[in-house]
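Nothing in this text is a laboratory measurement; each read-out follows from the coordinates by a stated rule. Remember, predicted model here, so these are calculated numbers, not experimental data. Backbone-built Cβ (ideal geometry, glycine too); neighbour counts: all protein chains shown.
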Amino acid sequence: MTDQRIAIIGAGPSGLAALRAFESAERAGTEIPEIVCYEKQDDWGGQWNYSWRTGIDQYGESVHSSMYRNLWSNAPKEALEFAEYTFDEHFGRPISSYPPREVLWDYIDGRLRSSNAKDKVQFATAVRWVQYHRDTDTFTVTVEDLKTQTTTSSEFNQIIVATGHFSHPNVPGFAGIETFPGVVEHAHDFRGAEKFADKRVLMIGASYSAEDIGVQAYKMGARSVTLSYRSKAIGHVWPQGMEELPLVERFDGSQAHFVNGEVREFDAVVLCTGYLHKYPFLPSDLSIHSSNNVYPQGLYRGVTWQNNPKLHYLGAQDQWFTFNMFDAQAWYVRDLILGRAPLPSADERAESIEQWTQRFKAIASEAEEIQFQADYIRDLIEQTDYPMFDLDSVVEIFQAWVNDKVENVLTYRDKQHRSVMTGTLAAAHHTPWLRELDDSLQRYLSTPPKDELEKLL
Ligand code: FAD
Ligand code: NA7
């Protein structure tokens, strides 16, 4: 085992879960293979590593993160909590259920801060190509050191792809959109809604990005926010000033014509039309080709490439569960690599994929999809020594969150949930989300003076 070399591509939450999984085995006395993690950014954290940049970064690479300055967790932190590193352990006191981005970055970072995991990461290094050699059953990984602009290649026995799939925007065209005189941007490039104050804003899409960027625009004083759906309306009870309409049929200057005949005038358009699975460093026979869904095809147990089981993906699914799902996947992949978990034959793997695919195809509601992902995670954890947690209670937390949003999308982030890991009830945050304009970690953890809070309530 010691002469094995493993490459992890990407040091976002999934890549960090892989580093933590190996570290945890090593701490328990297991000899682990040599691990090299390549990360194209200067720091880890993936999406949570905020960048003000859009388009191209300081190295001429496409900017990875799609997160915006004012992002607060869009689901309760109790649904993403690590089972072996809790929020109580990190913060030493209860915090609220929907922390801002920087707070969650601190939590992810904190789990590995005191370990030697950073020594295994080559930052500012982009993976350019991965080549599999059938004769030696190894991979050559070619990378570019972005600071020196030098490329090097080295050999690995197994590959873990952890590059995420919310970075390459899906940018459809709309008739006449070239005549729209205002700002048109994709959610990937959205960094803050202050510019929407007093503007009439159109979000095209009906999922997380449309909902949350729409609500951000409302918070920052947009004159109106319209969300346009293709297949199904989000269906919340929207506050005054927000509305949902079916799909835009065409633009005519600043006017948008919708398929139901309605016409509206807008100042700005945000394409909240999702992302593409794209792995430009992989040959097509090793790449996922899928829409964004909870069971992308070609992966045994949702992680191991069926046609080459030495290549693994973490976090490739659409995500209800996030950080703890990445952990469950990472622990399982680690155990496959360490030989602790048996790799079934190709036929057995195909049969398992088929069974899960049938169940995936039968999903008829959001509730069933959440349950599907909970059961998927349970199946993974059962194969490993990752601490099992009460997944059914997390499903209930998700249901409560879904209902809270339908009722009032402006206040759901003020609700408190109970950790299934520690039993701790989340703190009530000092400031209602709608009134809080400072998203920093420092402000979040502070105790603002009483008179200041009274003015905000
Ligand atoms: P990523 O976080 O995308 O990390 C992938 C890493 O791979 C990056 O660091 C990137 O630089 C690196 N990389 C990519 N290509 C290369 C290459 N060729 N070479 C080297 N390195 C490379 N989840 C939640 O739980 N709560 C939320 O509130 C939430 N909000 C979100 C909001 C937005 C706008 C988006 C886009 C996602 C949100 N998510 C949220 C989901 C988010 O995808 C996960 O939380 C998590 O970041 C996924 O982790 P990952 O490591 O799989 O991918
Ligand atoms: P999602 O969740 O993949 O949703 C994409 C949305 O875009 C969805 O509503 C799609 O509608 C819509 N879409 C896609 N193509 C079109 C076209 N051509 N016209 C109209 N609408 C379209 O992406 P998000 O960005 O919302 O969320 C991704 C992650 O970011 C998520 O994990 C969050 O945590 C943050 P459909 O329903 O397919 O008709």
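For the reader, a short list of remarks on this structure follows.
- When the Cα gyration tensor is reduced to axis lengths a ≥ b ≥ c, the ratio a/c is 1.5 or higher for the stretch 75-189, and with a/b not above b/c it is classed as oblate.
- Per-residue ellipticity at 222 nm, computed for the chain from helices alone with -39500 (n - 2.57) per DSSP H run of at least four residues, works out to -8500 deg cm²/dmol.
- Cα-based helix-to-principal-axis angle, 101-113 vs the chain, degrees rounded to 10: 20 degrees
- Karplus-derived 3J(HN,Hα) values for the stretch 307-323, using 6.51 cos²θ - 1.76 cosθ + 1.60 with θ = phi - 60°, are 8, 7, x, 9, 10, 10, 10, 10, x, 7, 7, 5, 10, 8, 6, 10, 3 Hz; glycine and proline are entered as x.
- Reach of K361 by Cα under 18 Å, taken over lysines that are not fewer than 8 positions away in the same chain: none
- Around T151: net Lys/Arg minus Asp/Glu count, Cβ-Cβ under 12 Å: -1
- The stretch 228-387, dipole about Cα centre (Lys/Arg Cβ +1, Asp/Glu Cβ -1), debye to the nearest 20: 420 debye
- Alpha-carbon centroids, the stretch 333-377 and the stretch 425-446: separation in whole Å: 38 Å
- Cut-off 13 Å between beta-carbons: net charge of the residues surrounding Q255, Lys and Arg +1, Asp and Glu -1: -2
- Once backbone amide H atoms are built at 1.01 Å from N, L227 has M203, E243, E244, L245 as its partners under 5 Å, excluding neighbours fewer than 5 places away on the same chain.
- Backbone amide hydrogens, once placed in the peptide plane, bring A268 within less than 5 Å of R200, L202, excluding anything fewer than 5 places away on its chain.
- Angle between the chain longest axis and helix 366-381 axis [Cα atoms, degrees, rounded to 10]: 20 degrees
- Long pairs among K195/K450; K120/K310; K40/K415; K120/K147, criterion Cα-Cα beyond 29 Å: K195/K450; K40/K415
- The trypsin sites (Lys or Arg not before Pro) of the stretch 108-215 meeting both criteria, a DSSP state outside H, G, I, E and B (loop) and at most 12 other C-beta atoms within 10 angstrom of the site's C-beta, are R134, K147.
- Packing rank of 172-180, 19-27, 138-146, 400-408, where each peptide gets the mean count of other beta carbons within 10 Å, highest leading: 19-27, 138-146, 400-408, 172-180
- Charge context of E366, other residues only, Cβ under 13 angstrom, K/R +1, D/E -1: -1
- Angle in degrees between helix 208-219 and the longest Cα principal axis of the chain, rounded to the nearest 10: 40 degrees
- Phi angles of the stretch 14-24 translate, via the Karplus equation with coefficients 6.51, -1.76, 1.60 and θ = phi - 60°, into HN-Hα couplings of 6, x, 5, 4, 5, 4, 5, 4, 5, 4, 5 Hz per residue; Gly and Pro are given as x.
- Cα-based shape type of the chain, given that a ≥ b ≥ c are square roots of the gyration tensor eigenvalues and the cut on a/c is 1.5: prolate
- Within the chain: Cβ-based charge dipole about Cα centre, in debye rounded to nearest 20 (Lys, Arg +1; Asp, Glu -1): 620 debye
- Cα shape, the stretch 165-279, gyration tensor, a/c 1.5 rule: rounded
- Put the Cα centre of the stretch 67-123 next to the Cα centre of the stretch 205-230 and the gap is 26 Å.
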